[in-house]
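Readers should treat all values here as calculations from the given coordinates under stated rules, not as data from a laboratory. The model shown is predicted, which means the values in this text are computed figures rather than measured ones. No Cβ is skipped: glycine too gets one built from the backbone with ideal geometry, and neighbour counts run over all protein chains shown.
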Amino acid sequence: MTKVVKFGGSSLASAEQFKKVKEIITAEESRRFVVPSAPGKRFSADTKVTDMLYGCYDLAAKGRDFSTEFSAIKDRYYGIINELGIELSLEDEFNTIKACFIGKAGRDYAASRGEYLNGIVLAKYLGYNFVDAADVIYFNEQGQFDGKKTNKILSEKLAGMENAVVPGFYGSMPNDTIKTFSRGGSDITGSIVAAAVNADLYENWTDVSGFLTCDPRIINNPAPITIITYKELRELSYMGATVLHEDAIFPVRKAGIPINIKNTNKPEDVGTMIVESTSQKPAYTITGIAGKKGFTVINIEKDMMNAEIGFGRKVLEVFEKNGICFEHMPSGIDTMSVVVHQAEFADKEQEILAGLHRNCHPDTIDIETDLALIAVVGRAMKSNRGTAGRIFSALAHAHVNVKMIDQGSSELNVIVGVAEQDFEAANKAIYDIFVETKL
Ligand code: ASP
């Protein structure tokens with residue numbers, strides 16, 4: 001059995017957290033490959049090392065003095081090293097980094113040093129091999145992750161090792177410069193390493209015990225999700241349930257490896273298992289609820305729209321030409337609505353309206369702003385009659401007006417649009433009807 005274990009920034013923010021991490025890793029021999037993030041926040045007003053590095057580099061890039069900021073970064077690492085009582089000097093590394101900052105090696109290089117240095121510290125503390133991600137994770141000329149090349153080199157490299165620490169978040173470009181994934185990208189590295197070593201499980205250790213059935217800022221202490229499929233997770237993450245980087249699922253999913261989200265501060269909690277498919281019934285008809293505010297709907301009306309070939313294309317073409325993604329597109333016989341992100345749409349509003357008039361000659365166009373979308377997601381919905389009915393009667397009882405409904409063809413989710421001011425009440429009503437009453 002082989003497990004790849006990734007630890008997030010809060011799990012490695014201090015010596016105290018490092019000790020918990022070591023205990024977790026040594027508790028099971030199968031935890032052979034470790035992917036660390038950079039030290040994160042120790043308390044809510046603290047600054048992540050990654051952000052300290054960005055700030056410090058920005059000064060260096062402007063030719064300004066960055067010595068105070070640089071010392072603060074060194075202090076974070078030496079604080080951990082000294083408290084752990086390990087014999088390790090990072091002076092050579094810090095001198096190189098300083099020189100590269102002065103030489104303007106780039107923001108990605110700067111940010112990546114957080115994981116790089118933390119990887120060295122963790123490898124020393126565990127007595128594991130250190131494998132620099134720059135030597136095993138690759139991007140192509142276009143800056144996209146090169147899965148083929150990476151998988152070949154990484155799997156060969158790790159095949160000869162009993163254990164290793166591979167820092168998360170970065171890799172190298174064909175010209176040998178450093179590139180990072182987007183923020184939170186160590187999750188992706190963990191997934192890539194798991195696929196490369198053919199792991200049985202990818203454990204992703206963080207500071208929460210997995211995904212919850214609803215946003216804890218809306219519902220006090222919501223029920224945890226113990227098992228979720230990749231498809232369900234995709235729906236919930238799209239709506240903002242963020243525990244794992246969205247792109248982290250692809251490498252392991254392709255290789256058929258499940259992910260287990262675990263809590264470093266409460267290792268006894270089972271966490272959330274993310275799997276391709278399962279015969280296990282979820283505890284409730286719904287697996288989870290997630291939502292987001294900040295949408296606008298453009299309602300386009302035209303008599304006999306249904307008979308006009310190419311109408312939909314003409315509408316969407318206008319959005320495409322203005323560089324706006326559409327999120328949903330519920331339609332009636334003579335109406336078509338396009339749901340977009342309010343902030344993106346606002347800048348292009350007049351161009352889009354003019355374009356729609358020119359391209360589609362609608363009877364009317366009206367715009368509704370301040371819409372919130374709520375996704376009610378669950379693989380059990382398919383086999384349970386009356387789910388939509390329950391959602392809508394719960395919302396009606398809570399005096400929430402439903403402005404839009406969209407059900408994906410997979411019958412995995414129902415998306416409802418409500419006014420932003422009804423967002424919390426709507427979440428509560430749906431949560432209560434399914435989870436509180438255990439339907
Ligand atoms: N340290 C990086 C960040 O703060 C990457 C990560 O933690 O996954 O975004």
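Sorted from largest down, what three extents in whole angstroms do the Cα atoms of the range 1-112 have along their principal axes?
50, 30, 26
Could you work out [θ]222 nm for the chain from helices alone, using -39500 (n - 2.57) per DSSP H run of at least four and dividing by all its residues? Round to the nearest 500 deg cm²/dmol.
-12000 deg cm²/dmol
Would you mind giving the average projected area, over all directions, of the Cα convex hull of the range 248-377 in nm² with one decimal?
12.2 nm²
Between the range 361-423 and the range 1-33, what's the alpha-carbon centroid distance in Å?
What the calculation gives is 41 Å, centre to centre.
Which loop trypsin sites (Lys or Arg not before Pro) in the range 110-218, with loop taken from DSSP, have no more than 10 other Cβ atoms within 10 angstrom of their Cβ?
217
How far is helix 67-84 tilted off the main Cα axis of the chain, in degrees rounded to 10, range 0 to 90?
Roughly 70 degrees, rounded to the nearest 10.
P(r) of the range 321-367 in 10 Å steps, Cα pairs, percent per bin?
Result, from short to long distances: 23, 60, 17 percent.
Taking a cut-off of 28 Å, what percent of all Cα-Cα pairs in the chain are separated by more than that?
The calculated P(r) of the chain puts 58 percent of pairs beyond 28 Å.
Which of the residue pairs 41/104; 20/266; 149/254; 6/266; 20/262 have a Cα-Cα distance greater than 19 Å in the structure shown?
41/104
May I ask you to list the chymotrypsin sites (Phe, Trp or Tyr not before Pro) in the range 29-88 that are in a DSSP loop and have at most 16 other Cβ atoms within 10 Å of their Cβ?
Those that pass, being in a loop and sparsely packed, are 43.
Using alpha carbon centroids, what distance separates the range 37-102 and the range 148-225, in Å?
Taking the Cα centre of the range 148-225 as reference, the centre of the range 37-102 is 23 Å away.
Can you give the % of DSSP beta bridges in the chain that are antiparallel, to the nearest 5?
Restricted to the chain, the bridges split so that about 65 percent are antiparallel.
Would you please name the GluC sites (Glu not before Pro) within the range 192-273 that are DSSP coil residues with at most 13 other C-beta atoms within 10 Å of their C-beta?
The qualifying sites are 268.
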